[in-house]
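Participant: My structure is below; once you've seen it, I'll send some questions.
The values are calculated or read from the model by the stated rules, or taken from the named source; none is laboratory data. Quick caveat: nothing in here was measured; it's all calculated off a predicted structure. Cβ placement follows ideal geometry from the backbone for every residue including glycine, while neighbour counts extend to all protein chains displayed. The accessibility values were calculated without ligands, DNA or RNA, using every heavy atom of the protein model including side chains. Shrake-Rupley method; radii C 1.70, N 1.55, O 1.52, S 1.80 Å.
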Amino acid sequence: MIELHSNQRGQLAVIGEATIFEAARLRDLLLGALQQRPAAVALDLAGLEALDTAGAQLLLAFKHEFAALSVQSCPPKLREHLEKIGLTSLLL
Amino acid sequence: MDPNVLRDIFLTESDELISDLEHGLVTLESTPGDTDAIHRIFRAAHTLKSNAGMVGMDSLVRFAHVAENVLSRVRSNEIPIELPLVNVLFRSVDVLKGLLAAAAATAELDKIVLDGAAEQTLKALTPYLSPSTGAATNRQHEGTRGLKLLQIDLSFAPDIFATGQDPAFLITDLEELGQVLSVRANTKHLPSLASMNPEECYLDWRILLRTEEPRASVENVFLFVMDRSKLRIEDVTATHCHLDDLAESPLGELLVDEGLVSKADVAKALDQQKAQQKRIGQVLVEMNATDATAVDRALRKQQVARQIRRSTSIRVDTEKLDRLVNLVGELAVSIAQANQLSRQPNATQAVRIQAVETLEQIGRDLQSQVMSVRMVAIAETFSRFKRLTRDLAQELGKHVFLETLGDETELDKNVSEQLADPLKHMVRNAVAHGLESPADRIQAGKSDTGRILLRAQQCQGYVVIEISDDGRGIDPDRVLAKALERGLIGERDHLTERQIYDLLFLPGFSTAQEVNEISGRGVGLDVVRKNVADLHGSIEVESALGKGTTFRIKLPLTLAIIEGMNVRVGPDTMTIPLSSVIELLSSNNTQVNTFEGKGELVDVRGEYLPMVRLSGIFESASCDASTADPVIVVVESGNRRFGVMVDRVLGLEQTVVKPLRQAFSVVSSLDHNYRKLEAVSGATILGDGNIALILDIAGVERMAFGALQ
């Protein structure tokens, strides 16, 4: 199950598994967050438990909606996955 | 005949054939070139297929047919025997065994079908049948000794995720075939979040793989996504080896490639060159086939390629790399901490400063570790001289023992490489001119075996290399007489012993045509000094008549970073290498006098040193009016001490040396100011983004005072 929480610091925390199985839900959550037009958003990935290319692609599309969105605290294991598919520099 | 009897015969024979196949493959795996084994395997597969046809076992016929065709290409050397292929062939044997087991259990051989595993194995065999893995690939393979760079462009079917595949899995598989050098994702087709289907793949990839495996093995990785994905594999080994080619290309070829001369002209020039013993570039210019600038440009290109190529590989102790990795780890932690601090509004100033200082410390450690990666032991250079000494000694009828000390001393790889030639020259000089013949040595009461000592040691930021011999030494009186005779000094010049020995390094002190025992020591020493100066080093000589001579070379540890003193001259900032600086004098408290014909002299505690104003050399807007108290920096070049007047000293800084052309994008104006560049060895980018020229003190000296006068 994937969840999106916003905290007081204006950060969006992605919690759960960002994989193909949750892709549809993750997109809806991200779209919902987008519609609230947040001013300064940072994405906090500390609570992310799994990530595949489908999930990474969604986060990337979300990032593209902003001029400067910082993506923070990506767990090392998931960073490895991003590294493998050449998305580290594009997403983090 | 009873169909069951026929089937039994078929099964019995098949067991033998399978066993032949397996033995043959085992042999092939250990000896890929064993043609007997290849023929045996092929025959077995072929017989198995024919027999299966006779009993109507179509599935086996279909499978064996593909395997046989692959083996046929192996037999005719169209595809190389490599591990992945042998593996697929072993898997094929397993499939055949499975089919035969099924045949043993049923009377209806024609009903047996290929299962999933069999189909997969068939798919794995198929690429070996495609002409692209044929002879051409094979030849290319041999040409590059197997190792090649493949550029893989991947564009997946949109529903790849839905099939349970992830590009990351495929990249993992690629990693098993070789070294994945880079993975670049292309997001060009990624739509906006609102319009994207979250279950579709919109990304494309370009992967650079270094592998020894045949292209077919790479294709196999994508076997299950190949149908609906676009896969392009290109061998880019040649493109990436371009530098190698360029460095080795003869000049003529380079010019032809550039479209500057025709092949016919080069051929003609080559003929002329043989007759005239000239350089090809010169001949081409004389033939009016091209102009000197084009030749120069091509030569430069060739040189750059050689330099780049030379610096592309270095052997690094894994321990050094481990330390580097640890530091990078620390860096990541510190950055995270700093990041966190930056978002804590109530963090105190002191805590923030502490975080920056930690980062700074790690930065410094990283710098020194990275520099250490560039360091190589001088043993590599020293070891070349053992053979040289032995051969030369034998040729000259001398007995020489070469000893080395401090072999483990490390210095920058570039420095080490550029030092090899001057060192060789000096070792040769020592054997040829420094050491006496065995008879002379015995007469002088020495052992008949001369001793040459190469010693390296690190002190502070320098490496000091000594080349000593216990030979006849250099007679200062004879050096002086020679210099007088050559007009290098005047009758009334009073030189200290050190200055006398320095004369040995002057161009024209001695020429190869008239080598004698003493002046012989000077042969080529001007070139040696120039080489050493190019490395920002200095060289001096000490000698005791009858006892021996020591040349001492002092070099900075690295060329890439120097300790520099930043000074202000007019509007410009310049950097003086700290290794040349002796002391600083305030011009207010120092006597500067102008002497007829000698220029300005500065009185340093009773010793008069010549002085030069940098603003004069660089034609900077003079500053004396605006600066109340200019500073005189006393510097030492290889030849002498002198004063350099600057407006202000800004401070000391570790300076990263960049070649001029890299620091400036506008090259033409630099070329125009070439004369001034003689005094400049490079440039550096200051903290505020401005560029500072790094002074070459020997060059400043040459410009200000000429070679000697």
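Participant: Can you tell me which condition B:Ala162 does not meet? The list is (1) modelled with pLDDT of 85 or more; (2) under 22 Å from A:Leu26 (Cα atoms); (3) in a helix (DSSP H, G or I); (4) open to solvent by 70 Å² or more (accessible area, probe 1.4 Å), and all the others hold.
Facilitator: (1)
Participant: Is region B:408-420 home to any residue that is touching a strand residue (DSSP E or B) at 6+ places or on another chain (Cβ under 6 Å), of a type in the set (D, E, K, R), open to solvent by 40 Å² or more (accessible area, probe 1.4 Å) and farther than 30 Å from B:Val656 by Cα?
Facilitator: No, region B:408-420 contains no residue that is touching a strand residue (DSSP E or B) at 6+ places or on another chain (Cβ under 6 Å), of a type in the set (D, E, K, R), open to solvent by 40 Å² or more (accessible area, probe 1.4 Å) and farther than 30 Å from B:Val656 by Cα.
Participant: Output the residues belonging to region B:198-214 that are of a type in the set (Asp, Glu) and within 10 Å of chain A (Cβ to nearest Cβ). It would help to see each step written out before you state the result.
Facilitator: Quick first cut of region B:198-214, residues of a type in the set (Asp, Glu) only: B:199-200, B:204, B:212-213.
Correct list: B:Glu199, B:Glu200.
Participant: Determine the pairs where a residue that is acidic (Asp, Glu), located within region B:682-698, has a partner that is at pLDDT 80 or above and surrounded by fewer than 22 Cβ atoms within 10 Å (Cβ to Cβ) with Cβ atoms under 7 Å apart, the partner being 6 or more residues away or on another chain.
Facilitator: B:Asp696/B:Val680
Participant: If a residue has to be crowded, with 16+ Cβ neighbours inside 10 Å and more than 11 Å from every other protein chain (Cβ to nearest Cβ) to count, how many in region B:177-196 make the cut?
Facilitator: Total satisfying the criteria: 2.
Participant: As an exercise: evaluate B:Ser155 against (1) facing chain A (nearest Cβ under 10 Å); (2) in contact with an Asp or Glu (Cβ under 6 Å, 6 or more places away or on another chain); (3) among the polar types (S, T, N, Q) and give the number of the one condition it does not meet.
Facilitator: (1)
Participant: Let me ask another. Please tell me if B:Ile171 is within 14 Å of another protein chain (Cβ to nearest Cβ), within 30 Å of the chain's Cα centre (by Cα) and buried (at least 20 other Cβ atoms within 10 Å of the Cβ).
Facilitator: When the stated conditions are applied, B:Ile171 passes them.
Participant: Looking at B:Leu99, B:Leu114, B:Leu89, can you tell me which residue is closer than 27 Å to B:Leu6 by Cα and at pLDDT 90 or above? Walk me through it before giving the result.
Facilitator: On the way: B:Leu114 fails: at pLDDT 90 or above; B:Leu89 fails: closer than 27 Å to B:Leu6 by Cα.
Residue meeting the stated conditions: B:Leu99.
Participant: Condition (residue is among the acidic types (Asp, Glu) and within 28 Å of B:Leu419 (Cα to Cα)) applied to region B:363-374: is it met by at least one residue?
Facilitator: Yes, region B:363-374 contains at least one residue that is among the acidic types (Asp, Glu) and within 28 Å of B:Leu419 (Cα to Cα).
Participant: Ok, one more. So if I check each of A:Leu90, A:Leu82, A:Leu31, which one is at the interface with another protein chain (Cβ under 10 Å from one of its Cβ atoms), open to solvent by less than 20 Å² (accessible area, probe 1.4 Å), outside any loop (DSSP other than H, G, I, E, B) and out of contact with any strand residue (DSSP E or B) (no Cβ under 6 Å at 6 or more places or on another chain)? It would help to see each step written out before you state the result.
Facilitator: Details: A:Leu90 fails: open to solvent by less than 20 Å² (accessible area, probe 1.4 Å); A:Leu31 fails: open to solvent by less than 20 Å² (accessible area, probe 1.4 Å).
Of A:Leu90, A:Leu82, A:Leu31, the one residue that is at the interface with another protein chain (Cβ under 10 Å from one of its Cβ atoms), open to solvent by less than 20 Å² (accessible area, probe 1.4 Å), outside any loop (DSSP other than H, G, I, E, B) and out of contact with any strand residue (DSSP E or B) (no Cβ under 6 Å at 6 or more places or on another chain) is A:Leu82.
Participant: For region B:342-395, give me each residue that is open to solvent by 40 Å² or more (accessible area, probe 1.4 Å), of a type in the set (Ser, Thr, Tyr) and over 30 Å from B:Arg451 (Cβ atoms).
Facilitator: Passing the criteria: B:Ser342, B:Thr348, B:Thr358, B:Ser368.
Participant: Another question, then. At pLDDT below 85 and under 26 Å from B:Leu223 (Cα atoms), is that true of B:Asn4?
Facilitator: no
Participant: Right, next: Quick one: would you say B:Asn87 is out of contact with any helix residue (DSSP H, G or I) (no Cβ under 8 Å at 6 or more places or on another chain), surrounded by fewer than 17 Cβ atoms within 10 Å (Cβ to Cβ) and not small (Gly, Ala, Ser)?
Facilitator: Yes: the conditions hold for B:Asn87.
Participant: Ok, one more. Do we have any residue at all in region B:249-267 that's within 30 Å of A:Leu59 (Cβ to Cβ), away from every other protein chain (no Cβ under 13 Å) and either at pLDDT 80 or above or open to solvent by 20 Å² or more (accessible area, probe 1.4 Å) (or both)?
Facilitator: The answer is no; no qualifying residue exists.
Participant: Follow-up. Can you name the number of the only condition in (1) at the interface with another protein chain (Cβ under 10 Å from one of its Cβ atoms); (2) buried (at least 19 other Cβ atoms within 10 Å of the Cβ) that A:Gln72 fails?
Facilitator: (2)
Participant: Identify the residue in region A:34-46 that is touching a helix residue (DSSP H, G or I) at 6+ places or on another chain (Cβ under 9 Å) and more than 10 Å from chain B (Cβ to nearest Cβ) and, among all such residues, is nearest to B:Ile160 (Cα to Cα).
Facilitator: Restricting to residues being touching a helix residue (DSSP H, G or I) at 6+ places or on another chain (Cβ under 9 Å) and more than 10 Å from chain B (Cβ to nearest Cβ), the top hit is A:Leu45.
Participant: Pairs needed: first member in region B:21-36, surrounded by 13 or more Cβ atoms within 10 Å (Cβ to Cβ); second member anywhere, among the acidic types (Asp, Glu); C-beta distance under 9 Å; at least 6 residues apart or different chains.
Facilitator: Within 9 Å, the pairs are B:Gly24/B:Asp34; B:Gly24/B:Asp36; B:Thr27/B:Asp34; B:Thr27/B:Asp36; B:Leu28/B:Asp34; B:Pro32/B:Glu82.
Participant: Being in contact with a Pro (Cβ under 7 Å, 6 or more places away or on another chain) and either modelled with pLDDT under 90 or closer than 16 Å to A:Ala13 by Cβ (or both) is the filter here, so list the residues in region A:50-92 that pass it.
Facilitator: Residue satisfying the conditions is A:Leu58 alone.
Participant: Of the residues A:Glu22, A:Glu3, A:Glu49, which is within 20 Å of B:Phe161 (Cβ to Cβ) and more than 12 Å from chain B (Cβ to nearest Cβ)?
Facilitator: Values: A:Glu22 fails: more than 12 Å from chain B (Cβ to nearest Cβ); A:Glu3 fails: within 20 Å of B:Phe161 (Cβ to Cβ).
From the options A:Glu22, A:Glu3, A:Glu49, the qualifying one is A:Glu49.
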